[in-house]
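Please read the structure below before turning to the comments.
The values are calculated or read from the model by the stated rules, or taken from the named source; none is laboratory data. All of these numbers come straight from a predicted model, not from anything done at the bench. Heads up, the Cβs are rebuilt from the backbone with ideal geometry, glycines too, and the neighbour counts pull from every protein chain shown. Quick note on the areas: whole protein, heavy atoms, side chains included, nothing else; ligands and nucleic acids left out. Shrake-Rupley method; radii C 1.70, N 1.55, O 1.52, S 1.80 Å.
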Amino acid sequence: MFHMHVGVYGSGYLGTVISACLADFGTPVSCCDTDSTRMVEMAQGNILFYEKNLKEIVKRNVRCGRLGYSTDVDAFSRKAQVIFLAEDSTAHLKDLVLRIARHAPKPVTFSLVTPVPVGTAASLERALSEAKLKGTIVSQPMFFTDGCAVEDFNWPDRIILGTTSKEAVAALKQIFHPLVMRGVPVVVTNHETAELVREAATAFVATKISFINELATLCEHVNADAVNLSLALGLDKKIAPRCLQPGAGMGGLFAESDMDSLAALALEKGVNLKVLTAAREVNTELAERLVQKISGLVNSVQNKDVGILGLAFKPNTNSVAGSSSIRLAQTLVARGARVRAYDPAAIADAKLELNGTVHYCESAYAAAEGVDALVVGTGWPEFRTLDFAKIKHLLKRPIIVDTKNLLDSVRLRAMGFQYMGVGRG
């Protein structure tokens, strides 16, 4: 099968995932960014964040010549027929599109993957027209979950293309041929709908998570089990189980910005999104609720030592963007607690967020040593297999607060722990 040459502009989270995974389809890909240090590092297989399986994919495709890295934007513009705009930020997006369009020998199809507010694609088209340049903008939101980005790319729920250009749709279907032939639905719509899909999807997930967390609070008052409730609700085909698990809230690299953008759009248009407002309030209040639970167990967190296992917003990633564990640590510190924390991958990123207010540990056991309560903040699978007899010996008090309902509560209580999950008796 013939593969056209594809360009990906951006070397952050989105650009790295998309360029590597497209190359893994067998497509020749050039990844471009003006940061020369980062380009050299990536060409050597050294990516700036942890994402399951991604480093191996980058190395494999660089080695076989399908994936190249460049800082020469003008040469990049002349080479690629379809260019994915995949920066993590919208800064300089308009200038970039105009620069590429000026140097491209033929009109370029731009796939706009960068999370943008509604109206951005139309604005870029106007800018091209005013500059008397040719090019086609396609709004193509992609939905990656940190820790599962490679899987999400290769097994998406749908491909969304916001454009009126049949030629652009045909070109992108060719690029994503392995997915199209597998039966992944392709939704072709206008720019505004495609842009709104991302923000609406994020808001809907936040609503599901917030709803089950409110029910988890109710469960604690009526001796019901939120985990079994979630299972029973999730088995309803109208609801589905994903994102219907009680815990410490919703986070992620683009979650807050998506919801902020949607709320701002509604405010601008005079529309009151009451459900979104309520979901965001529930999500942000969860850290305070967890601190109150811990305070009740240790008779106030003031001058108490608390250990936190996990700082990433979810397992298999080093991202702490929107992390409920980070919010919990910040709230504990603000209430006068001393916090010790461990994470297998996210310590470096957490240090940037917590500004020296937390003592970082090299192991889960070090985080447990001498603390009044141990909190599971991220559902890393390795926490299930810890030596809890050793943990009990290390703790000042045998108290575990499991914000992810990850651990075996029956076993831990039988061992003499005071165990508290979320929404569980």
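Values as computed for the structure displayed
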read-out: Förster radius 25 Å - calculated FRET efficiency between Lys396 and Ala224 (Cβ-Cβ, nearest 0.05); value: 0.20
read-out: Unsatisfied cross-links (Cα-Cα over 18 Å) in the set Lys237/Lys274; Lys106/Lys132; Lys208/Lys274; Lys173/Lys238; value: Lys237/Lys274; Lys173/Lys238
read-out: Positive-end residue of Thr27, Val62, Gly10, charge dipole of the range 1-113 with Cβ unit charges; value: Thr27
read-out: Spin-label pair Asn303/Cys64, simplified geometry with 7 Å Cα→Cβ offset, distance in nm; value: 6.4 nm
read-out: Where labels lie 7 Å past Cα in the beta-carbon direction, separation of Ser89 and Lys132 in nm; value: 3.4 nm
read-out: The chain: DSSP helices with Cα axial extent of at least 27 Å and average Kyte-Doolittle hydropathy no lower than -1.0; value: 191-222, 274-298
read-out: Set of aspartates and glutamates with alpha-carbon distance to Lys304 below 15 Å, sequence-local pairs under 8 removed; value: Glu369, Asp372
read-out: Backbone N under 16 Å from the Asp35 label point (7 Å along Cα→Cβ), restricted to the range 45-72; value: 45-51, 69-72
read-out: Fraction of beta bridges assigned by DSSP in the range 72-162 that are antiparallel (%, nearest 5); value: 10 percent
read-out: 13 Å Cα-Cα reach of Lys59 towards aspartates and glutamates, excluding residues that sit fewer than 8 places from it in its own chain; value: Asp24, Glu41
read-out: Förster radius 60 Å - calculated FRET efficiency between Ala122 and Met415 (Cβ-Cβ, nearest 0.05); value: 0.50
read-out: Expected 222 nm ellipticity per residue - DSSP helices of 4 or more, -39500 (n - 2.57), all of the chain, to 500; value: -14000 deg cm²/dmol
read-out: Inter-probe distance in nm under a simple model that places probes 7 Å from Cα toward Cβ, at Arg99 and Lys238; value: 5.2 nm
read-out: Solvent-accessible surface ranking, highest first, for Arg384, Arg158 at 1.4 angstrom; value: Arg384, Arg158
read-out: FRET efficiency for Thr217 and Glu151, using Cβ-Cβ distance with R0 set to 35 Å, rounded to 0.05; value: 0.60
read-out: When the chain is reduced to its Cα atoms, the Kirkwood hydrodynamic radius in Å; value: 23.2 Å
read-out: Amide H contacts under 5 Å for Ile308, placed H, 5+ residues apart; value: Arg340, Ala341, Tyr342, Val375
read-out: Length released on extending from Lys351 to His5, taking residue separation times 0.36 nm less the Cα-Cα span; value: 120.6 nm
read-out: Solvent-accessible area, 1.4 Å probe, carbon plus sulfur percent, for the range 331-425; value: 50 percent
read-out: Beta bridges per DSSP with both ends in the chain, % antiparallel, nearest 5; value: 5 percent
